[in-house]
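Before any comments, here is the structure.
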Amino acid sequence: MSNAAKAEVVLALHRFGMGPRPGSIAAIGTDPRGALIAELDRPLTLTAAASLPTSAKAYRTVADANARRTARAKQAQQQAKKQQMAATQVAAGEQSQAQSEGQAPAQGQEKDAAEMAAKQAADAIPDPGRPIYLQEAKLRTEAALSAEIGFAERLVWFWSNHFCISANRIQSMSGAYEREAVRANALGRFVDLLLATEGHPAMLFYLDNLESMGANSTAGINRSRGLNENFAREIMELHTLGVRTGYTQDDVISFANVLTGWTLVPPGADPTHGGEFTFNPRLHEPGGQTVLGKRYEQEDAEQGRAVLRDLAAHPATATHVATKLARHFVADEPPPALIEQLAKTFRDTEGDLKQVAIAMVSSDDAWRGPPSKLKRPGEWVVGMVRATGITLVDPVRYTGGQQLLGEPLWRPSMPKGYPDDEASWIDGVGRRLDVANNFAERITGMADPQVIIEDVFASEIASEVKQAVGRAESRQQALALLFMSADFQRR
Amino acid sequence: MGFDHHLPTRRELLVGSGALFAWSQMPRIARAEGRDPRLLVIVLRGALDGLGAVAPVGDPDWASLRGDRALLLDGKPPALPLDSFFALNPAMPNLHRLYKSGKAAIVHACATPYRERSHFDGQDVLESGISKPGVTASGWLNRALLAMESGGRVDPRGSRALGIGSVTPLVVRGSAPVMTWVPQKLLPASEDTQNRLLDLYQHTDPKLATVLQARMKLASLGGAPGAGDPMSDDPTLAPPGIARVRAYFAEAAGTAARYLAKPDGPRVGAMGFVGWDTHIAEGAASGQLYNLLGALDGAFAAIESNMGEAWNETVVAVVTEFGRTARINGTQGTDHGTGTVAFLIGGGLAGGRVIADWPGLKPAQLFEDRDLKPTTDLRAVLKGLLRDHLRVEEKVLADTVFPGSTEVKPMGGLVG
């Protein structure tokens with residue numbers, strides 16, 4: 001392999017994949033672009049996920065545990081109160097003179113004891129949400145570690161962040177949401193991805209649509225409550241058209257009315273369908289709505305689906321998506337020609353995301369620039385582990401590290417998702433050093449920095465890095481320097 | 001001349017003690033004697049500057065060799081006198097006290113058979129016990145333990161090696177079982193690692209350099225946000241800088257001692273301390289080396305107090321892969337050299353002396369005109385400890401523990 005060809009292979013792995021791992025350079029061979037495209041034809045399903053609960057099941061499990069916790073706590077509280085009362089009465093009978101003074105503190109104690117008993121009873125039932133979250137994190141991370149290149153996984157991560165939800169609000173569903181809505185559609189058509197994510201209970205929960213009701217709907221009139229605009233606004237601003245692309249506040253309100261009734265089956269109400277999507281006509285604002293100048297007269301969930309289909313086909317959406325993709329993969333300020341190429345492919349193929357991905361890696365504009373992107377923490381951590389050939393994950397440690405680096409898995413602080421520019425992440429490089437140092441210490445016995453440079457990176461790394469690694473005082477330090485090098489953090 | 005005045009007595013000591021302790025009737029089974037010896041090996045990774053730790057203040061060429069960086073008896077602060085020729089770095093008052101009470105010895109101008117300058121390979125030779133790097137995945141201490149196990153010479157309840165740290169040092173790895181203990185707080189990236197990374201960034205990525213520099217500045221002000229174990233669930237911040245290093249050394253070494261002291265605990269153990277590669281701003285009497293030696297001295301104190309009764313049957317061997325250049329380099333540090341020191345401490349030690357066949361510091365006396373010439377094979381010291389303290393047979397030492405070392409006779413008289 002010529003040096004130039006080797007360089008393009010390594011760039012392919014860093015820029016579009018999850019970073020080189022043992023054997024990946026040879027596996028891609030002399031045609032990195034072809035290999036990237038070929039990876040898109042492999043199925044994206046996580047076979048091991050068959051053992052994991054669906055989002056609705058996960059949600060029901062947590063709701064059940066919460067209900068049992070509340071019940072146990074109540075029970076324990078009542079029992080403690082009874083016991084305390086009996087004890088006070090005995091004490092009062094024996095020492096009637098102390099009754100008047102003794103009453104107040106006895107009551108205080110009674111309350112404390114009851115609260116403590118309630119808390120203990122509740123704590124005896126563990127929260128099943130966290131183990132589910134960790135299991136999901138483990139599978140997702142292992143998929144990234146074991147992928148040959150990881151281009152398809154990177155696309156899943158990209159779309160998951162584009163259509164983000166937060167595990168801070170709905171931990172139980174966070175992993176299943178990605179599998180069910182994002183992974184299943186990441187290489188399909190954008191409109192299907194849009195319909196799957198916006199119609200997913202996790203999204204409806206996250207963007208506050210469960211309780212949104214039309215002012216003139218049955219529930220709205222009876223409960224004197226109304227609309228929540230959040231969901232509609234974020235769909236237009238973040239998921240489809242992009243901010244300041246011509247929609248008005250009236251469009252937001254109309255679209256929010258359209259989306260009323262998009263909710264989920266209460267988890268306690270139905271043992272088989274609790275937690276699933278449902279359209280509740282009692283919450284839905286009756287009548288037609290006008291969004292972006294078009295009238296939608298449908299009476300049910302089809303009204304919302306029709307608007308979503310039109311938003312997916314809107315040219316502003318093509319540009320918005322193309323810009324974000326190019327910014328994520330290629331450069332903070334991507335070449336305008338590349339954006340236009342991706343947007344055109346998006347429009348020409350009616351949002352065929354696989355074709356858009358192919359257009360990206362087929363364009364010279366996507367390869368020409370120097371590796372100026374700073375890898376996001378998640379990519380960087382996975383890249384580091386991949387370089388060592390490790391494919392198994394301790395999810396507690398992994399998610400802890402992610403959190404420390406400011407990109408906790410499925411927990412962005414805003415619906416906008418995690419940012420994609422250098423300025424947002426560069427200050428965290430110091431923290432990366434702690435993580436790199438820690439990881440290097442753990443794996444010194446298993447990973448040889450020279451082998452990583454020569455075999456995993458095919459020596460495609462700056463001579464300064466080779467020198468620093470060669471002169472390091474220990475294997476641990478050598479590994480930390482290697483993982484922290486610009487060659488390893490930039491792509 | 002230092003050579004004339006000191007060598008004869010030191011030679012005598014070496015030869016004499018060797019003869020004295022090479023008894024053919026030496027009891028071979030430690031347990032049968034009612035003894036229950038412990039051996040802890042501490043590897044200083046990065047090549048300790050032996051001259052900066054234990055200075056040959058009596059050598060007429062010493063002061064001029066290091067200039068104002070030379071450790072001196074009337075320096076600021078003054079070095080701690082050991083004998084009429086050597087003085088200890090003032091950062092190590094505990095070691096000085098142990099030495100004065102006969103519970104510490106220092107071996108100077110020593111080295112493993114490794115003569116190149118790669119840390120990795122040097123550590124491999126030091127820990128594997130084999131003169132070529134990369135030959136085996138087991139360490140000499142583990143193989144010594146195996147030999148003792150088969151002969152019933154160690155308490156079977158303790159027939160395990162202890163490895164401290166998230167990576168078990170090679171010296172105790174091997175087929176004898178190893179139990180490991182990982183300190184709760186891992187040591188964050190050292191100042192040295194940060195400096196090297198900064199240097200790398202300055203040559204390759206100015207933006208990253210700026211960020212790292214800002215972090216280092218913050219840390220120097222005592223407000224480092226990156227302290228503590230980054231993977232820990234407990235985000236409590238540890239104290240910054242050297243205080244953190246001191247705490248880590250003391251905790252790790254103190255815990256090793258507690259395990260080794262247990263009646264049913266392991267009898268041999270090993271741990272590594274990083275940070276000794278002082279290419280820049282070494283600062284023997286203050287600065288990097290001084291700070292690290294101080295932390296090591298604190299680790300010694302932690303071992304002594306945590307060993308309790310077992311201290312009397314303990315030997316701690318502190319070794320490093322090689323030394324550093326005799327002369328100071330252009331950045332006020334030293335580069336990779338050859339001859340260095342080993343520290344031996346413990347209640348079981350016949351100490352109170354610096355053991356050295358002093359080679360001298362004139363240019364012609366230096367190894368390759370740059371390093372302290374090694375005159376004592378570190379394997380002789382280690383074999384002496386294994387034979388006389390742990391009672392490993394000399395033949396086993398030469399055949400399997402340090403293969404191919406028949407020529408290197410165990411140094412006698414190290415333990416009392």
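The values are calculated or read from the model by the stated rules, or taken from the named source; none is laboratory data. A quick note: this is a predicted structure, and the numbers were derived from the prediction, not measured. So basically every Cβ, Gly included, is an ideal-geometry build from the backbone, and we count neighbours across all protein chains shown. The accessibility values were calculated without ligands, DNA or RNA, using every heavy atom of the protein model including side chains. Shrake-Rupley method; radii C 1.70, N 1.55, O 1.52, S 1.80 Å.
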TODO: In Å³ and rounded to a whole number, note down the convex hull volume per residue for the Cα atoms of segment A:340-491.
DONE: 147 Å³
TODO: Report, to two decimal places, the Cα Rg of segment B:361-416 normalised by 2.2 N^0.38 Å (N = number of residues).
DONE: 1.40
Open item on the list: For chain A, I need the span (max minus min coordinate) of the C-alpha atoms along each principal axis, in Å, sorted largest to smallest.
Closed with: 97, 67, 37
Task: Rounded to the nearest 10 Å², the accessible area of A:D192 at probe 1.4 Å - done: 70 Å²
Task: Tail fraction, Cα-Cα pairs, segment A:233-274, threshold 17 Å, whole percent - done: 47 percent
Task: Cα centre as origin, Lys/Arg/Asp/Glu Cβ charges: the protein assembly as shown dipole, Debye - done: 1440 debye
Task: Neighbouring partner chain Cβ atoms per residue of B:44-56, average, 10 Å criterion - done: 1
- [ ] Any chance you could get the radius of gyration and Dmax over the Cα atoms of the protein assembly as shown, in Å?
- [x] 34.2, 109
TODO: With no solvent and one equal point scatterer placed on each C-alpha of segment A:347-393, evaluate the Debye formula and give log10 I(q)/I(0) for q = 0.18, 0.25, 0.26 Å⁻¹, two decimals.
DONE: -0.82, -0.90, -0.91
TODO: For segment A:1-68 and segment A:232-305, write down the distance between their C-alpha centroids in whole Å.
DONE: 33 Å
Task: Relative packing of peptides A:241-247, B:267-273, A:261-267 - highest average C-beta neighbours within 10 Å first - done: B:267-273, A:261-267, A:241-247
TODO: Please express the shape of segment A:192-231 as an equivalent ellipsoid: the semi-axes are the square roots of 5 times the eigenvalues of the C-alpha gyration tensor, given largest first in whole angstrom.
DONE: 23, 9, 8
Task: Net dipole in debye of chain A [+1 Lys, Arg Cβ; -1 Asp, Glu Cβ; about Cα centre; nearest 20] - done: 620 debye
Open item on the list: Only four residue types carry charge here, +1 at the Cβ of Lys and Arg and -1 at the Cβ of Asp and Glu. Report the dipole size of segment B:306-416 about the Cα centre in Debye, rounded to the nearest 20.
Closed with: 240 debye
TODO: Calculate how many DSSP beta bridges within the protein assembly as shown are antiparallel, expressed in % of all such bridges and rounded to the nearest 5.
DONE: 50 percent
Open item on the list: Starting from the 7 Å offset along Cα-to-Cβ, what nm value, one decimal, do you get for the label separation of A:I37 and A:R309?
Closed with: 3.1 nm
- [ ] Quick one: Debye curve from the alpha-carbon atoms of segment A:448-491 only, equal weights, vacuum; give me log10 I(q)/I(0) at q = 0.16, 0.17, 0.20 Å⁻¹ to two decimals.
- [x] -0.32, -0.37, -0.51
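Reported to two decimal places, what Rg/Rh ratio describes segment B:31-97 when computed on Cα atoms with Rh from the Kirkwood expression?
Rg/Rh: 1.17.
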Task: Semi-axis lengths (Å, descending) of the ellipsoid that matches the C-alpha gyration tensor of segment B:289-366 - done: 30, 17, 8
- [ ] Based on alpha-carbon positions alone, could you give the equivalent ellipsoid semi-axes of segment A:415-491 from the gyration tensor, as √(5λ), descending, whole Å?
- [x] 25, 15, 11
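Would you work out the Kirkwood radius for segment A:1-40? I mean one over the mean of 1/r across all pairs of different Cα atoms, in Å.
For segment A:1-40, the Kirkwood estimate is 9.8 Å.
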Open item on the list: Just to check I understand the Karplus step: with θ = phi - 60° and J = 6.51 cos²θ - 1.76 cosθ + 1.60, what whole-Hz values come out for segment A:46-63, glycine and proline as x?
Closed with: 9, 4, 5, 6, 4, 7, 8, x, 5, 4, 5, 5, 4, 5, 4, 4, 5, 5
Open item on the list: Using only Cα atoms and rounding to the nearest 10 degrees, what angle (0 to 90) does helix A:336-348 make with the longest principal axis of chain A?
Closed with: 70 degrees
Task: Global form of segment A:123-231, assessed from the alpha-carbon gyration tensor, a/c cut-off 1.5 - done: oblate
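Taking N as the number of residues in segment A:295-393, what is its Cα Rg relative to 2.2 N^0.38 Å?
Against the empirical 2.2 N^0.38 Å value, I get 1.41 for segment A:295-393.
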Task: Accessible area that becomes buried as B packs against A, both chains, 1.4 Å probe, Å², nearest 100 - done: 3400 Å²
